[in-house]
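In what follows, a single structure is set out as structure tokens and then discussed.
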Amino acid sequence: MRLAQGTGLSGLVSPPYRRGRVVRPLLDCSRAHVVAYLTGLGQPWREDATNLDTTRLRARIRADVVPMLRDMNPRFDEALARTFAVLGGEDDLLDDMATALQADHTVVRDGELRVDRAAAALPRPLLRRMLRGALFAAFPEASRLDFEHLEAVCDGVAREGFSRDLPGGLRAFDEYGTLIISREAGTVAPLAPSLLTVPGMLDLGDAGSLTAEPAGPDGIDSDPLSALIDGDAVRGGLVVDSVRPGDRMRPLGMEGSRKLQDVLTDAKVPARQRPLVPVVRDGERIVWVAGVRMSEEYRVGPGTRRAIHLHWTPRS
């Protein structure tokens with residue numbers, strides 16, 4: 001029946017004798033054997049009426065196809081059982097290999113399944129099986145994916161700019177060389193402008209928190225989530241919000257200004273995450289794009305008397 005409908009290797013394997021709490025002790029017994037046994041015991045049984053309804057594919061195969069195969073090969077039942085045993089062993093082997101590959105090429109983070117581009121070099125059967133297992137584990141609703149969807153995801157592992165909607169509200173897309181599969185979400189709202197006092201701390205909701213503390217001019221911190229700025233260069237109060245259309249800044253160590261969108265692209269900050277990247281401003285001037293770059297205009301130098309230490313703690 002599965003062969004007629006179209007399936008892969010796993011669909012041709014017979015069910016196991018035991019799966020969890022389910023035990024199937026009669027897999028090797030024919031219907032005739034079971035009926036003979038019950039008759040010998042004088043034990044009545046119930047017949048499923050749908051077994052005789054040949055408008056159903058399963059019943060039609062039992063009534064028409066199986067007798068023909070048995071006529072062609074009197075040992076058909078034995079041959080079929082042997083084939084199932086071989087396929088089952090090979091299916092288990094491929095499952096073990098695919099499970100090991102999941103640990104090497106996939107990770108679930110923040111409710112998203114991430115697949116590295118190196119997985120594209122895997123043989124297609126292993127890639128397909130690895131992705132199917134990873135998808136089912138991360139998103140139970142992915143059990144509705146058909147062959148066409150799974151093949152598209154396999155193709156997308158190596159395709160720059162790939163994007164595909166999947167059943168169950170899932171979406172697969174390329175993001176800087178990583179295939180991301182996630183549930184569709186609404187647009188992230190930008191951060192509302194908030195005043196950052198020194199010392200002080202801002203709760204930025206989904207964007208985490210940001211602190212400002214007075215510091216000495218020699219307190220440089222190599223942490224990319226921190227910045228030491230020249231407090232004397234601040235002309236007004238510090239305000240924190242998100243990227244705005246037309247934003248420009250002069251990145252530290254560079255001449256001239258650049259579009260903030262280009263700075264974020266160079267830093268490989270995904271467009272969907274940019275509304276949650278805090279931008280610290282001094283009036284209209286950008287002081288620091290948290291976790292990305294600070295402005296050359298606020299560099300701590302020999303003449304700096306007062307510095308401010310900024311630190312961003314993203315929400316995990």
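Only the coordinates and a few stated rules stand behind these numbers; no lab work does. Here the structure is a predicted model, which means the values were calculated and not measured. Every residue, glycine as well, gets a Cβ built from its backbone with ideal geometry; the counts of neighbours run over all protein chains shown.
Legend: P(r) of the stretch 194-313 from all alpha carbon pair distances, 10 Å bins from 0, whole percents, reading 14, 50, 32, 4. Contact order, relative form, for the chain: 13 percent (alpha carbon pairs under 8 Å, 6 or more residues apart, mean separation divided by residue count). When the convex hull of its Cα atoms is viewed from all sides, the stretch 104-183 shows a mean projected area of 4.5 nm².
Anisotropy class assigned to the stretch 155-215 is prolate, per the alpha carbon gyration tensor with a/c at or over the 1.5 cut-off and a/b larger than b/c.
Per-residue 3J(HN,Hα) values for the stretch 67-73, derived from phi via the Karplus relation 6.51 cos²θ - 1.76 cosθ + 1.60 with θ = phi - 60°, read x, 5, 5, 5, 5, 6, 9 Hz in sequence order (x marks Gly and Pro). Please tell me the relative contact order of the stretch 194-313 in percent, rounded to the nearest whole number, where contacts are Cα pairs under 8 Å and at least six residues apart. Rounded, it is 39 percent for the stretch 194-313. Remark: Leu122, Leu87 ranked as Leu87, Leu122, counting other beta-carbon atoms within 10 Å and listing the fewest first.
Dividing the convex hull volume of the alpha-carbon atoms in the stretch 48-103 by its residue count gives 121 Å³ per residue. Footprinting exposure proxy ranking of Asp221, Asp71, fewest other C-beta atoms within 10 angstrom first, gives Asp71, Asp221. Taking 0.36 nm per residue of separation and subtracting the current Cα-Cα distance, fully stretching the chain between Asp77 and Asp92 would add 3.2 nm. Residues in the stretch 116-128 carry Karplus couplings, in order, of 6, 5, 4, 5, 5, 7, 5, x, 3, x, 6, 4, 4 Hz; the curve used is 6.51 cos²θ - 1.76 cosθ + 1.60 with θ = phi - 60°, and Gly or Pro positions show x.
When Asp247, Asp266 are sorted by how many other C-beta atoms sit within 10 angstrom of their C-beta, beginning with the fewest, the order is Asp266, Asp247. A simple rule links phi to the HN-Hα coupling: the Karplus curve 6.51 cos²θ - 1.76 cosθ + 1.60 with θ = phi - 60°, which for the stretch 154-163 gives 4, 4, x, 4, 9, 9, 5, x, 4, 8 Hz, with x for Gly and Pro.
Taken over the C-alpha atoms, the stretch 173-260 has Rg and Dmax values of 16.6, 46 angstrom. At full extension, Ala59 and Ala103 could sit 11.6 nm farther apart than now, given 0.36 nm per residue minus the alpha carbon distance. Per-residue ellipticity at 222 nm computed for the chain from its helices equals -8500 deg cm²/dmol, with DSSP H segments shorter than 4 residues left out and the rest contributing -39,500 (n - 2.57). Cα-based radius of gyration for the chain, normalised by 2.2 N^0.38 Å, reads 1.59.
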